[in-house]
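Encoded as structure tokens, the structure appears first; notes follow it.
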């Protein structure tokens, strides 16, 4: 254990020097076990949020046999989980109510640090230093940090009494901050509900006609399958393209599903074209992702630059027959839960649940025959949703400010500027030396015990 002292008089050492073990879990299916609908909690990165495990979000469980087999990933109270793959930096302290539990290889398990530092303080320190960890990440589609990189991360350890003062102060400050964040997120959810209510009223005719009774459509409206009011997008003939000619390529990764817009595109020469580059896109098209329809990766093609360019076969291209329907009307209808929910139920596949183009085009659409009325409905939708967008922007900005404030508080805490220091506190370096001496003393005992066991087995 190498210990140095920083300007605050705190001990500084590597994470592996204060931990008894740093390991990671494994996926049971790799070893022939199956997930269950109930049983022992199997924690994944997506089950961790805001420093806690959301027990209601757990969908995979394992049996006693898989739990015993994967003994190295058994979790205990005060273990710290830290995500090292994909979404790097999600962290939490294991509590009694989470157990028994196992985890997979995307989460590092940090054990035995509570002798040196309060687990909550270490968890917050990992959160504060997550940028340093992310800088070590490598990999392409799935970024990851090695256990070795995590083990060598420097940890700042104040005297134990000061640790308690820091944790108490952080909890006090974060309690107020978290209440504000919770209110903002509640407002965000209410906006989502309101958006869907606007669309429901619109496509039932009630947004523009107050006399419409619920469950009935106004006079002059029709219900038809989407295919009957759309035009099929043309497929590109790759073989006749000049190999060195360039084209713009739109795929699902270029759609921001929080704002339902195309935010980026790729550029290729035909000789390097992805296999999914198959559909010719036109201005006014709606791109509807057929993979995980509930994620709503949907966008309207509203920029001239994308006209006659190429889209991924991962989209259903919804192209309005403009003699029957306004393109924007179809776009907003495709974002309506009344359109999406039935498609969610039609998805097939485990890794990439998806629907077929035919599933999308078979969905019924309510629409007024009058194009002018469709324009009017689109205008009413946009006037209301534009107000939502402005409120959403304000909420997003406030949430960013709250996160910046949180990081500022953490930075101050681990610079030794959040609480007063007390010269009478025992230096953390003394505590670490005691821990080091204790562990060194126990090492020979462990080895002797192991030798004795080996000898006993040999004699049998």
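The values are calculated or read from the model by the stated rules, or taken from the named source; none is laboratory data. Not measured: the values here are computed from a predicted model. Heads up, the Cβs are rebuilt from the backbone with ideal geometry, glycines too, and the neighbour counts pull from every protein chain shown.
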- [ ] Please state which of the following conditions residue 309 fails to meet, knowing it meets all the rest: (1) crowded, with 18+ Cβ neighbours inside 10 Å; (2) at pLDDT 95 or above; (3) out of contact with any strand residue (DSSP E or B) (no Cβ under 9 Å at 6 or more places or on another chain).
- [x] (3)
Task: Failed item in (1) surrounded by fewer than 17 Cβ atoms within 10 Å (Cβ to Cβ); (2) at pLDDT 95 or above; (3) outside any loop (DSSP other than H, G, I, E, B), with residue 317 passing the rest - done: (1)
Task: Matching option when the condition is assigned to a loop (DSSP other than H, G, I, E, B), in the same structural domain as residue 225 (by TED's automatic domain parsing) and touching a residue at least 24 places away in the same chain (Cβ under 8 Å), among 352, 333 - done: 352
TODO: Say whether the condition of being in contact with a helix residue (DSSP H, G or I) (Cβ under 7 Å, 6 or more places away or on another chain), at pLDDT 95 or above, closer than 23 Å to residue 341 by Cα and part of a strand (DSSP E or B) is met by at least one residue in segment 271-288.
DONE: yes
Task: Residue list for segment 372-398, filter: without any contact (Cβ under 8 Å) to a residue 60 or more places away in the chain and farther than 22 Å from residue 334 by Cβ - done: 390, 393, 394, 396, 397
TODO: Would you mind telling me which numbered condition in (1) farther than 21 Å from residue 126 by Cβ; (2) touching a strand residue (DSSP E or B) at 6+ places or on another chain (Cβ under 6 Å); (3) not in a loop (DSSP other than H, G, I, E, B) residue 38 fails?
DONE: (3)
TODO: Have a look at 415, 426, 420 and point out the one that is outside any helix (DSSP H, G or I), touching a residue at least 40 places away in the same chain (Cβ under 8 Å) and surrounded by fewer than 11 Cβ atoms within 10 Å (Cβ to Cβ).
DONE: 420
TODO: Kindly establish whether residue 184 is crowded, with 21+ Cβ neighbours inside 10 Å and part of a helix (DSSP H, G or I).
DONE: no
